[in-house]
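Below you'll find the structure, written out as structure tokens, and then a few comments.
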Amino acid sequence: MSNGAVEIARALFTSGITHDVGWRLQRLEALRNMLTERTAEFTAALAEDLRKHPDEAWMTEIGFVCSEITHAVKNLRRWLAPERVPVPISLLPASAKVVRDPLGVVLVIAPWNYPVQLSLVPVLGALAGGNTVVLKPSELAPATSSALARWLPEYLGSAVQVVEGGVPETTELLKERFDHIFYTGNGQVGRIVMTAAAAHLTPVTLELGGKSPVYVDDSVDLRAAAQRIAWGKYLNAGQTCVAPDYILGTSAVLDELARILPKAIEALFRGNPKASADYGRIVNERHLNRLSRLLEEAELVTGGEHDAAERYLAPTVLRAKAQDAVMQEEIFGPLLPLVEVPDEAAAIDFINQRDKPLALYVFSENRQTKENFTEQTSSGALCFGVPAAHLLVPGLPFGGIGASGMGAYHGEHSLDTFTHRKSVLDKPLKPDTMKLIYPPFNGLKHQVMTRVIAPSG
Ligand code: NAD
């Protein structure tokens, strides 16, 4: 079903050409050329799949990938330089270093919500690491998948094999042996991917999701905080893995936010999100139905309107309790529950009693509060004062922990994922200092072993 994609990718890797740094840099440049020369095609595909505004498509997808490429091209030779490691005196003369070995053929399985970014940032990391790639884009973003399948071979030759399709095609692909599998999507499928990988002992990176909480206290400018939270929440109509999922706050803070958030939404979408070209659409009817069911018993603050014909769901704020349906699963849509907690300690408990989030956002001017969240919570990322923007810092590893994923990428961290750090030790045969540890043992050797080679302290 993969039409020989894995074999083609394997043959190119086996040829040895991908080890050459010049080859890798050329592939990265070719990928950037594809994005800059075919911007119109990818922008149109993203509009068709998710009605993304061209500026948003550039910032979060096409331009985002270009920036990652520029950063990688600038730094790749430095990142790949062997890392010298000191050798203990007992082993001298000798030298030791760590070199980054390519892994081989990497399978990238991408989701639909940022179908360009989440396909191509892993792809560029894998190419930078000297690998070849089989890419399986999401069938739920069909226009973008087709654009990737159309243009990647033209710009990158056989270095990136695109296999289009859904569950049957992915299931077939997962039977093959890869050297690494990089999966982005939901945790249920993450388990399927990891199980399949186990058959070949293939390492996996799982970029999953879950509920990313926000905590807001009364030390901040609530108007500014609300504006930032609304931006992060309603970007791509809430279909962002690091979107703020819900807000925790005291009743006084939530009352204020309930008053301010509708105004923040109005400001973003000129008072009419349905008519605004800046507001996206829900990916399909199944997800729209899932989200509108969550609204059935909601205590609405604002929003709630939906229109199946347009796959439209208004930016919505609601009051919720921990036991409500909306709090049981990742929302992945434009619904923002406000959940009351008595204080900061209760907010930390609330977060720690649940799956470790992909991202945690705290809005507070209080230094102690920032320290408390840093020390007492565990999440893929922790951001103060802004949601989602950590993705824009290539020096920060992007990934989850626990139920939100394993492994990380972006910038140099992609090389940690897509290369093997191989230990290389080089010791000349002469002088043969090793004979001090060969049997037969004697008193002098005992002294050398216990005092020089493996001393107790
Ligand atoms: P999706 O439905 O597009 O699925 C992702 C990929 O898995 C697709 O390529 C699909 O073909 C494949 N797939 C689906 N069912 C499969 C099966 N049974 N066997 C093998 N492969 C299968 O996307 P999704 O899972 O709905 O994506 C949304 C989820 O992804 C959310 O939970 C979100 O938080 C998470 N996500 C995480 C990140 C991140 O970077 N951590 C980014 C985006 C989305």
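The values are calculated or read from the model by the stated rules, or taken from the named source; none is laboratory data. This structure is a prediction, so every number in the text was calculated from the model and none was measured. Every residue, glycine among them, receives a Cβ derived from its backbone with ideal geometry; neighbour counts consider all protein chains shown. Protein only, heavy atoms only, side chains kept; ligands, DNA and RNA dropped before computing areas. Shrake-Rupley method; radii C 1.70, N 1.55, O 1.52, S 1.80 Å.
Among residues other than Asn284 with Cβ under 13 Å from its Cβ, the summed charge is 0 (Lys and Arg +1, Asp and Glu -1).
Computed from backbone phi with θ = phi - 60° and the Karplus coefficients 6.51, -1.76 and 1.60, the 3J(HN,Hα) list for segment 266-273 is 4, 5, 5, 10, 6, x, 8, x Hz; x is used for glycine and proline.
Around the amide H of Ile109, modelled in the peptide plane, lie the amide H atoms of Lys136, Phe182, Tyr183, Thr184, all under 5 Å away and 5 or more residues distant in sequence or on another chain. Let me check I've understood the local charge: for His71, count other residues with C-beta under 12 angstrom from its C-beta, Lys and Arg +1, Asp and Glu -1. What total comes out? Residues close to His71 contribute a combined charge of +1. A simple count of charges around Ala5, restricted to other residues whose Cβ falls under 14 Å of its Cβ and scoring Lys, Arg +1 and Asp, Glu -1, yields -1. A 1.4 Å probe run over the protein chains yields, for segment 214-337, 41 Å² of accessible area per residue, whole-number rounding. For Gly209, nonlocal amide neighbours, meaning residues 5 or more places apart or on other chains whose placed amide H falls under 5 Å from its own, are Gly187. Averaging the Cα positions of each part gives two centres, and for segment 152-188 and segment 230-307 these lie 33 Å apart. Dividing the helix sum by the residues of the chain, where each DSSP H run of 4 or more adds -39500 (n - 2.57), gives a mean residue ellipticity at 222 nm of -12000 deg cm²/dmol.
Here the Karplus relation 6.51 cos²θ - 1.76 cosθ + 1.60, evaluated at θ = phi - 60°, turns the backbone of segment 409-426 into coupling constants of 8, 5, x, 5, 5, 5, 5, 4, 7, 9, 9, 9, 7, 8, 7, 10, 10, 10 Hz, with x for every Gly and Pro. Segment 73-128 and segment 25-48 have Cα centres spaced 24 Å apart. A simple rule links phi to the HN-Hα coupling: the Karplus curve 6.51 cos²θ - 1.76 cosθ + 1.60 with θ = phi - 60°, which for segment 207-216 gives 9, 10, x, x, 8, 9, x, 10, 10, 10 Hz, with x for Gly and Pro. Share of carbon and sulfur in the accessible area of segment 102-199 stands at 56%, probe radius 1.4 Å. Each 10 Å bin from 0 upward holds the following percent of the Cα-Cα pairs of the chain: 4, 19, 26, 22, 15, 8, 4, 2, 0. Among the protein heavy atoms, those of Arg10 account for about 60 Å² of accessible surface (1.4 Å probe, every chain in place).
Between Lys52 and Ala47, the built amide H atoms are under 5 Å apart, and every one of these is 5 or more places off in sequence or on another chain. Shown for segment 27-82: the carbon plus sulfur share of the solvent-accessible area, taken with all protein chains present and a 1.4 angstrom probe, equals 52%.
Between the Cα long axis of helix 222-234 and the first principal axis of the chain there is an angle of about 70°, rounded to the nearest 10.
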